[in-house]
Every structure is written in C-alpha cells, then in structure tokens.
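Below you'll find the structure, written out as structure tokens, and then a few comments.
FYI, it's all coordinate maths here, none of it is from the lab. These numbers were taken from a predicted model, which means no experiment stands behind them. Here the Cβ is made from the backbone with ideal geometry for all residues, glycine too, and neighbour counts use every protein chain on show.
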Amino acid sequence: MRWDKLFDDLESQLEREMTADDLEVDAEEERLRLGRLSIRDRIVALHGRSSAEAPLTLAVLLITGTRVTVRPVIIGRDWMSADIVDDSGRPAQCIIPFAALAGISLGAAHITPSLATAPSNGHPSLSQRLSLSYVLRDLCRRRRAVSLLLVAGEVHGTIDRVGRDHVDVAVHERGAVRRETAVSEYRLVPFTSLVLVKP
C-alpha cells in the first residue's frame, strides 16, 4: 500500500514539473513572439478585427507633434493610407509613413487584440508588399497635386519624380495646375522628412 502512495506522489510531482516546464516554455515563446511584433503588425491585427459597422479608428501622434484621428484603409509595408476623421465632414484621405509615427493612442480594449497574430495564408497580399516609394510613384504617374506635411513645414505641389529615398516636388499654389509658370521652386524631399501625404 505504501508503495502505491509513493508512486502516486512521484507521478504527481513529475506531472507538476512537466506542467511547470511547459508553462515556462510557452511563456518564453510568447515573449519572443511579442518581441518580434512591429507597429505595423499591431495595426494589421486591429484592422483585421474591424468591420464596416465598427471601423478601426486610431488617434495618431505624428513626429511633428500633430495629432490626427484616422481610419486605416490600406496597410502597406512601411505606410498606411487612411481616411482622416475630423469635424469638418469633408472626406479627406492621407498616406502616413510608419517612420512618421510618434505614437498611437489605444484604449484598454485595443491592447490585447493588437497583440494577436494576424492570420496568414503564407503569401503577403499585394498591398503588404508595396513600399512607400511605389505609392508615391503612382501619385507621380497620375500627376496628382499633393500636400506634404514635412518634419520642417508643409509644401504643396506635384511630384515630378521619385528616387530611391526622395521625391522631387514642383511647388505651386494649392488648386493651381502644374505648369512651368505656376511652379515657384523645385524641392527634393527625403522620405525621412515625410510625415503625411494628402492627395
């Protein structure tokens, strides 16, 4: 009888140790997973839980100190396009490079969902692979006038060319058509200075 009790005690002790080891391994794996999350991953996780009835709305602080409330539409590799939410009632869109984010204010209800791993089918979507330079090249091809919020000010004009790490902007008055006579200067703007692009 005493042997049975001894073996039962050993068995339960071994089971507790194995459970503790498993919990420790799981906790370490979770710490490693969280350590690999980028701000983009967290926005994607939140965006994946939003719907037309309950769209994701983020209060974003830009590196210039500007606060903007946005609803993400497309999340690229190093940027997101979003609808600006303000009191004017005018629909406005923007492109925000992730490097221009100084912070995102989240409510307590958003923290845990933002840490979730987004479902993956193994192949990133086209928008996930597109870089900021690709989006800016598209605006350049379309000859769309843009307002660029920069680290040091704001400029309005038409993107003439997109380099590896900068854009050439023909600066002109808002609402004016890009013509040589309307251009006041040509400015090279490094991507690192871009904070917000409003088409």
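Angle of helix 132-142 to the longest C-alpha principal axis of the chain, folded into 0 to 90 degrees and rounded to 10: 30°. Annotation for segment 121-180: trypsin sites (Lys or Arg not before Pro) lying in DSSP loop with at most 14 further Cβ atoms inside 10 Å of their Cβ are 143, 144, 164, 174, 179.
Shown here for segment 145-199: GluC sites (Glu not before Pro) in loop regions (DSSP other than H, G, I, E, B) with at most 15 other Cβ atoms within 10 Å, namely 173, 180.
Set against the labelled values [x] 51, 17, 14; [y] 25, 20, 16; [z] 27, 20, 16, semi-axes √(5λ) of the Cα gyration tensor in Å computed from this structure falls on [x]. Applying both filters, DSSP loop and at most 14 other Cβ atoms within 10 Å, to the trypsin sites (Lys or Arg not before Pro) of segment 35-75 gives 49.
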